[in-house]
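These notes are about the structure you will find just below.
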Amino acid sequence: MALASTTISYHKLQGGFLQQVGCRKKEKDRDRDHHYPYKVVEITPPPRSLGVRCFPLQNIHCGESVTIEGQAYTVSSVTHRYQLRKGKYEPSEKRLDVQSTGRYMLNLYLENLLENS
């Protein structure tokens, strides 16, 4: 969807007015949803909140390693929530479910053992 801004200006000249109409394309901020911080939750029982964190402008995905307060975590799931406002869905929250890296590797190993038995 292209957005445009129209400006109309009037300049007084000898014997009348000059009307100028200008139209310029506005650039839509495509990266605006990347500026929302992530709500980070460690999902190992019992779940505990690690607070709200901002990460670089990259696409965080499952299996990626992140460091929070000096401890390494692995992302288990990424959730994007949207809210309907004025007929449009707008991003409202981003959530990262993480596990400590050791726990994540242990869970992968145990799941593999279960599948092979």
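Throughout, read-outs are computed from the coordinates displayed, never taken from laboratory work. Given the structure is predicted, the values throughout are model-derived calculations rather than measurements. Note that we place each Cβ from the backbone using ideal geometry, even for glycine, and neighbour counts take in every protein chain shown.
By the scheme Lys and Arg +1, Asp and Glu -1, what is the net charge of all other residues having a beta-carbon under 14 Å from that of Pro47?
In short, +2.
Return the sequence-ordered ³J(HN,Hα) values of segment 97-111 in whole Hz as given by the Karplus equation 6.51 cos²θ - 1.76 cosθ + 1.60 applied to θ = phi - 60°, using x for Gly and Pro.
9, 10, 10, 4, 4, x, 5, 4, 5, 4, 4, 4, 4, 5, 5
Net charge near Ser77, counting Lys/Arg +1 and Asp/Glu -1 over other residues with Cβ under 9 Å of its Cβ?
After counting each charged neighbour, the total is 0.
Sort 84-91, 73-80, 39-46 for me by packing, meaning the mean count of neighbouring Cβ atoms within 10 Å per residue, highest on top.
Listed from highest to lowest mean packing, they are 73-80, 39-46, 84-91.
Taking H as built 1.01 Å from N, whose amide H comes closer than 5 Å to the amide H of Leu50, not counting residues under 5 places away?
Here Val40, Val41, Glu42 satisfy the definition.
Search the structure for amide H atoms under 5 Å from the amide H of Phe55, placed 1.01 Å from N in the peptide plane, and list their residues when 5 or more places away or on another chain.
When sequence neighbours closer than 5 places are left aside, the close amide H contacts are Tyr38.
I need the calculated FRET efficiency for the pair Asn116 and Gln71, taking r as the beta carbon distance and R₀ as 35 Å, to the nearest 0.05.
0.70
What are the ³J(HN,Hα) couplings of segment 61-74, residue after residue, when phi is run through the Karplus curve with 6.51, -1.76, 1.60 and θ = phi - 60°? Round to Hz, x for glycine and proline.
Taking θ as phi minus 60°, the curve returns 9, 4, x, 7, 8, 10, 10, 10, 6, x, 10, 8, 10, 10 Hz for segment 61-74.
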